[in-house]
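To start, the structure under review is shown below, and the notes come after it.
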Amino acid sequence: MSDTTKIKAASTDLTPVVAAPTDVARLTHRAPVPPHEQTADQDVDVVDWDRVAAAEDFKSLIRAKVRFVVPASAFFIVYYFALPLLVGYAPGLMNRKVVGVVNFAYVFALSQFFMAWTIAALYVRAATRFDRMEKDIIARLLRRGKPAPGGN
Amino acid sequence: MFLLFVAITLGITWWAARRSSGTSHFFAAGRRISGWQNGFAVAGDYMSAASFLGIAGLIAFHGFDGFMYSVGWLVAYLTVLLIVAEPLRNAGKYTMADVLAYRLNPRPVRAMASLSTLTVSTFYMIAQMVGAGALVAILLPSVSFHAAVIGVGALMIIYVVFGGMLATTWVQIIKAILLMGGTILLSLLVMAHFGFDFGAFFEAVAHVTYREGDVEVTKDFLRPGLYFKPPYGAIDLVSLGMALIFGTAGLPHILVRFYTVPDARTARVSVVWAMALIGVFYVLTTFLGFGAATIVGRDYIVAHGGNNMSAPLLAQRLGGEMFFAFVSAIAFATILAVVAGLTISASTSFAHDFYTNVVHRGMERRPGEEVRVARITAFVVGAMAIVIAILLGPKANVAFLVGLAFAVAASANLPVIVFSLFWKRFNTKGAVCGLASGLLASIVLILVSPSVDLLAEPWFPLKNPGIVSIPLGFLGAIFGTLLGREPHAEAKHSELFVRASTGIGAEKAADH
């Protein structure tokens, strides 16, 4: 009876099965047990990760993430490093007064804060979409998650 | 005022000690910290003495160039938010090394990662202790520097050893609230001084008068270039910017915070909270720094404890002795909380990565052993930091130590975190080479830079090594990887990548 519960648990709970409660994953190759020596418990891998990684829904999740994260990171890095570079190489522009005595350098530095907050806000909005896609993928995996061969 | 804070935090420690049991509780507060709480805690961990005292001092003395630090410190959170926070939460357990060890050979990788974590934490921590000692020595002349450092060290050991992550988190939250409150109040007082007229405020900032040698000079403090002077000024700024932007995402005491929340979504929410708080705080540093420059004056600050005392002296001038005591207590609380956060991340790393997973190959011999080791480590790390801080004395350059911590984190930790998540071919050799080259490059370059008076003629002209050591860290990781192939690590990549991207099977909140 306890065996069935174990297999059931393995098929629905994808938390890595570990040797010690402190280790993150038995799935590292700390002890490369040859296949014929593996216990049934070690042999269980509830998900074929390569197939998940190649599946269309996972690839579209990654595409969506890349489409947001890469341009956003590129933008903030360029925008940020423009500040020290302009300070160093365009002192004339940076010292131009914009509002009263306040110069362009200060306004540009201040704008970095709003840039950071805006990108963060945009990311949070985009991420709710990623969350939905992730949930769908996990739900699909758990539906399909059959006990390992020989179980049941 | 200060004693009240100590009493409250000790109360929290007692409460946390009664509540928490088990490994996940000690290291990750049972993963039950909510988004806003963790956001405050992240902000609390981040806004260290270097920010409150250091940046205010830099702006008060050098104007705009000091503000460049503030900008970098906030923008850095975009790296954390966009690239590392959620994958780390999804794929790890207690430390960043969990993610590295997932598909690589865990023993060498964990040993190296633990070493770099301990290095970063120690440098950061010593900086805070020295700051605390100097602060107390000025506030209470009757207390010696040594006694102050020992007092701070002892308190922080108590928080961590008995309260674990839960107590540390709440200490951070309270401190973040106090710090924000104090900063906002102080900024309001500065503006009140100028009759809430921004025009008058900036007019004063553009004409700051102080003595340079024997000559009275008037400078426009909004002009860049008063601190980072030619010929290396711009490169130095870029270098500092790189260390800040890429270092934050590798700071162990920030990264461990993402394991205290229930899932990746909450980790994201907490980064957003932290960005809001940190952003407001760093915008307000303008008022603290420029306020100190215009209202208190650089000459007065020099005569009364040096640039690190700018913010407390501003409070004294505007709000009297009571407010001075309040702001000093906040500064002190800040240091205490940051040191506690650093201690717990260092001891977690040692106990979890080194003791359990390297020495005992992932087997906890007796239940609770890992926590016991972490407590002992916290005690040892704290004692070590006390001794080193006393040896360095109150004159040690605090900003230099914090800069080193950021540069080491950016050069050693970030390359291996990014590669192990996103580069399939990345392997054990690459991780060890990357960590080693980043660690070595940043430390060596700092030792031969003008920040340290080790050499009469510095070999390396920049104050911050980031622009050289960060690429070296990446190159080391790439080079090591190309030395050979590790089929097992490549085979595991899909699993790590799927787990990190979707959060499937991630560690959940502990039941109660």
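Every number in this text was worked out from the coordinates using simple rules, so none of it is lab data. Just so you know, these numbers come straight off a predicted model, no measurement behind them. When we count neighbours, we look across all protein chains shown, and the Cβ atoms used for this are built from the backbone with ideal geometry, even at glycine.
Peptide A:107-117 shows a mean partner chain C-beta count of 5 within 10 Å per residue C-beta.
A simple rule links phi to the HN-Hα coupling: the Karplus curve 6.51 cos²θ - 1.76 cosθ + 1.60 with θ = phi - 60°, which for segment A:75-92 gives 5, 5, 5, 4, 4, 5, 6, 4, 5, x, 5, 5, 4, x, 10, 9, x, x Hz, with x for Gly and Pro.
Using a basic spin-label model with each label point 7 Å from the Cα along Cα→Cβ, how many nm lie between B:Arg372 and A:Val98? Modelled inter-label distance: 6.1 nm. Label point of A:Arg132 set 7 angstrom out along Cα-Cβ; within segment B:252-292, amide nitrogens under 20 Å from it belong to B:264-266, B:268-269. Distance between the modelled labels on B:Asp197 and B:Arg485, one decimal in nanometres: 7.4 nm (7 Å Cα→Cβ projection). Take each residue of peptide B:80-88, count the partner chain Cβ atoms within 10 Å of its Cβ, and average: the result is 3.
What separates the Cα centres of segment B:69-85 and segment B:149-183 is a distance of 23 Å. A Förster radius of 60 Å, combined with the Cβ-Cβ distance separating B:Trp14 from A:Ala55, puts the computed FRET efficiency at roughly 0.75. Note on B:Tyr300 and B:Phe422: the model spin-label points, each 7 Å out from Cα along the C-beta direction, lie 5.0 nm apart.
Peptides B:146-155, A:57-66, A:108-117 ranked from most to least packed by the mean count of surrounding Cβ atoms within 10 Å: B:146-155, A:108-117, A:57-66.
Count, for each residue of B:405-417, the Cβ atoms from other chains sitting within 10 Å of its Cβ, then give me the mean as a whole number.
0
Amide H of B:Arg425 versus every other amide H placed in the peptide plane: which residues, excluding those fewer than 5 positions away on the same chain, fall under 5 Å? Under 5 Å from the amide H of B:Arg425 lies no amide H from a residue far enough along the sequence or on another chain.
Gain on full extension, evaluated as 0.36 nm per residue between B:Ala276 and B:Val217 minus their Cα-Cα distance, stands at 17.5 nm. To the nearest whole percent, what portion of all C-alpha pairs in segment B:84-134 is separated by more than 11 angstrom? That fraction is 71 percent.
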